[in-house]
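See below for the structure under consideration.
Only the coordinates and a few stated rules stand behind these numbers; no lab work does. All values derive from a computational prediction rather than experimental measurement. Methodologically, a virtual Cβ is constructed for each residue, glycine included, from the backbone with ideal geometry; neighbour enumeration extends over all protein chains shown.
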Amino acid sequence: MTTAPTVELKDYPAAHWNSDEAGRCARCSEPCKKYGSMANPLCRGCFAKTAAGWGPVVRQKGYNA
Ligand SMILES: [Zn+2]
């Protein structure tokens, strides 16, 4: 039995965005910043769950690389 690690999101994915950068999370359809810098196809909630499942070798620009 393992406990899911928690991830520190800091500013990624972006918590605020303009209307022309708005999209829907690919997983839960919550609004998220989908275009431009600091954007991700996942909302912050889903990104945190996804990133928590990554091993230490995974790097994503804007998040940890
Ligand atoms: Zn989501």
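Between the amide H of C32 and those of G23, R24, C25, distances stay under 5 Å, these residues lying 5 or more places away or on another chain, with hydrogens modeled in the peptide plane.
Given +1 at the Cβ of Lys and Arg, -1 at the Cβ of Asp and Glu and no other charges, the dipole of the chain around its Cα centre is 160 debye to the nearest 20.
The Rg/Rh ratio of region 17-65, with Rg taken over Cα atoms and Rh as the Kirkwood radius over Cα pairs, comes to 0.99. A helix-only calculation puts the chain at -4000 deg cm²/dmol for mean residue ellipticity at 222 nm, using -39500 (n - 2.57) for each DSSP H run of at least four residues, averaged over all residues.
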